[in-house]
1. Taking the options B:91, B:127, name whichever one is under 17 Å from residue B:10 (Cβ atoms), open to solvent by 30 Å² or more (accessible area, probe 1.4 Å) and at pLDDT below 95.
2. How many of the residues in region B:123-163 are among the basic types (Lys, Arg) and within 14 Å of another protein chain (Cβ to nearest Cβ)?
3. I need a count of the residues in region A:434-458 that are modelled with pLDDT of 95 or more, touching a helix residue (DSSP H, G or I) at 6+ places or on another chain (Cβ under 6 Å) and open to solvent by 70 Å² or more (accessible area, probe 1.4 Å).
4. So if I check each of B:101, B:109, which one is modelled with pLDDT of 95 or more and farther than 21 Å from residue A:65 by Cα?
5. Considering region A:192-205 alone, what residues qualify as being touching a Phe, Trp or Tyr at 6+ places or on another chain (Cβ under 9 Å) and open to solvent by 10 Å² or more (accessible area, probe 1.4 Å)?
6. Give region A:110-141 a look and list any residue that's farther than 30 Å from residue A:263 by Cα and open to solvent by less than 40 Å² (accessible area, probe 1.4 Å), or say none.
7. Output the residue which, of all residues in region A:70-100 that are open to solvent by less than 10 Å² (accessible area, probe 1.4 Å), in a helix (DSSP H, G or I) and over 30 Å from residue A:374 (Cβ atoms), is farthest from the other protein chains (Cβ to nearest Cβ).
8. Sort out which residues of region B:109-161 are in contact (Cβ under 8 Å) with a residue 60 or more places away in the chain, outside any strand (DSSP E or B) and closer than 22 Å to residue B:5 by Cα, and write them in order of number.
Amino acid sequence: MAIGRIFIANRGEIAVRIIRTCRALGIETVLAASTADRDSLPAQLADRAICIGPPRPSESYLRVETIVAAARGTNCDAIHPGYGFLSERAALAKMCEEEGITFIGPTAAQIETVGDKLRARSAAQAAKVPVVPGGAVSSVDAAIELARDIGVPLLVKAVGGGGGRGMKRVDHFHDLPASFELASAEAGAAFGDARVYLERFVASGRHVEVQVLGDGRGGVIHLGERDCSSQRRYQKLVEETPAPGLSETLRHDLHAAAVRFSEQIAYRGAGTVEFLVDRERETFYFLEMNARIQVEHPVTELVTGLDLIAEQIAIASGAGLRLEQSAVRRHGCAIECRINAEDPANDFLPSPGMVREVSWPMGEGIRVDTHIVAGSRVPPFYDSLMAKIIAHGPDRATALQRLRNAISSTRVVGVATNLPFHAVALADPEFQAGGMDTGFVARLLERTPDMTERTRHD
Amino acid sequence: MSLTAADVVEIMQLIEGSSFDELSLELNGMKLNLRRGSVPADGSSSQHSGAVATPAAAPTPAAISPQVAATNGTKASPGVDPSLHEVTAPLLGTFYLAPKPGAPPFVEPGSLVEPDTVIGIIEVMKLMNSVRAGVRGKVAEIVAGDGTLVEFGETLMRVTKSG
């Protein structure tokens with residue numbers, strides 16, 4: 001089915017990104033905008049912007065019925081959910097299926113499968129994709145037996161838990177019985193459920209994910225991996241492709257595992273399979289699948305030369321996969337910095353407000369995905385992502401140098417940004433060496449107590 | 001407690017939005033029987049949907065801006081009579097002036113309204129939401145068309161305030 005008009009159920013830079021591809025394809029766009037986003041850049045760029053409700057996401061961007069009614073009322077053929085908001089809510093995909101609107105993404109059933117940790121883990125096991133070794137145990141004896149397979153260090157976790165309660169780290173086998181009893185008692189007291197399970201503890205892990213495209217009929221290709229280990233409290237800050245320093249065997253195995261997992265569920269659309277790469281053991285485990293376009297998709301686009309939004313639209317319109325695995329070529333290296341309205345000198349406190357002046361970088365190999373121009377507002381109701389600055393080069397050193405120049409030539413006045421953080425991070429010897437684990441940002445912040453001072457003298 | 005005319009209208013709307021064809025209600029010795037009558041087989045709500053006038057996407061952003069500006073809450077532009085109250089859409093959806101096709105409209109220009117008078121309904125995915133006048137006064141002008149998609153905050157009608 002040809003798609004002539006797309007309803008964009010999102011905001012910010014991803015809305016601008018989707019509009020850009022739609023224009024190139026000659027597809028009309030209708031943008032959902034809350035009252036806080038009526039004057040936003042995407043609202044100006046879309047063929048039409050429609051006000052769906054007040055600023056609070058629960059009253060606008062998260063209302064499934066309103067989104068579908070607005071898409072139908074404006075005669076849109078399809079809904080692109082972007083990332084976040086309703087992108088991984090099975091309810092939206094389901095209502096689209098019922099209303100005969102094309103959902104640009106996976107099926108509702110696939111969203112449910114990958115959204116449920118236990119079901120996703122079973123699917124991974126069925127596809128022979130390694131998961132973090134572990135399992136539920138009901139007695140000390142069973143725990144000791146399982147622990148022999150898992151090895152130490154390991155974690156004892158509450159089945160019904162979260163937030164670290166009922167969780168114990170075990171470094172020596174002889175500590176296991178006491179830790180098991182303690183974790184079980186804590187779990188019972190905290191969650192009313194004394195069941196615990198054991199899981200291998202990865203002391204030094206990297207976050208590496210693989211981009212896939214699936215046709216929904218079992219055909220899947222991968223577009224390489226991205227290393228997203230530069231995270232602060234699970235928020236990604238810098239992403240790059242290829243992942244530096246992986247052995248070619250490990251890289252190949254990651255790609256193959258992502259494809260097997262996606263084939264297992266006959267995944268439809270663009271998706272990302274996330275893995276934890278265990279640096280010490282030189283192995284990897286399935287974490288989860290993200291059933292949507294990712295924030296960091298541009299690094300993949302720059303090295304492959306593909307337009308992932310266009311591929312999403314092609315798959316949604318029934319064209320299937322437009323290229324075979326052997327036709328996917330990856331050239332050079334790309335690195336992305338997420339520019340957030342957050343103040344690194346003030347514990348990354350969000351800094352909403354009006355952007356009075358802004359100057360984004362340009363130059364060879366530089367791409368900027370943004371929704372911020374002079375006069376734009378960063379509303380306090382949504383995430384603080386202002387832009388993604390991405391650099392591409394024939395090798396990592398070139399891409400990194402281009403990105404450092406781009407970061408230092410970027411100017412934003414009116415709101416605080418994490419640009420100083422990026423300047424420090426990209427200049428750090430650990431980052432320059434590449435292949436850091438997810439503890440990198442925490443270590444960096446520890447050794448750089450005053451971010452603003454550092455960057456002024458940098 | 002007794003049922004007012006407005007309550008009955010609201011109950012009718014609830015049935016409209018439901019899958020029921022008949023309702024019997026007994027309340028303080030009062031008996032209310034409602035039945036969907038002479039309704040086409042496919043039901044009135046789907047008929048509503050069929051009648052939805054769907055504005056095409058405007059070709060240029062420029063065409064959007066005035067519309068966006070017009071929906072900017074209840075702030076009246078200079079020169080507008082301050083006694084005029086704008087009733088705006090509390091949510092996005094399809095606006096209907098009458099409880100069902102062919103039925104007389106809830107209000108017309110000249111109708112007297114109380115704050116809780118239902119002046120129209122907004123349908124969102126088959127759910128009917130009543131819109132109330134919000135002020136006491138007289139309907140001066142109906143702005144939004146019957147069966148059209150209205151945005152959040154869009155002006156539906158203007159009411160001359162009284163009292």
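1. After applying the criteria, what remains is B:127.
2. 1
3. The total comes to 0.
4. Testing whether each residue is modelled with pLDDT of 95 or more and farther than 21 Å from residue A:65 by Cα leaves just B:109.
5. A:200, A:202
6. Passing the criteria: A:137, A:140.
7. Checking each candidate, the answer is A:93.
8. Scanning region B:109-161 gives B:116, B:117.
The values are calculated or read from the model by the stated rules, or taken from the named source; none is laboratory data. Remember, it's a predicted structure, so these values are computed and weren't measured experimentally. Note that we place each Cβ from the backbone using ideal geometry, even for glycine, and neighbour counts take in every protein chain shown. The protein model used for the area step is the full one, side chains on, heavy atoms only, and it has no ligands, DNA or RNA in it. Shrake-Rupley method; radii C 1.70, N 1.55, O 1.52, S 1.80 Å.
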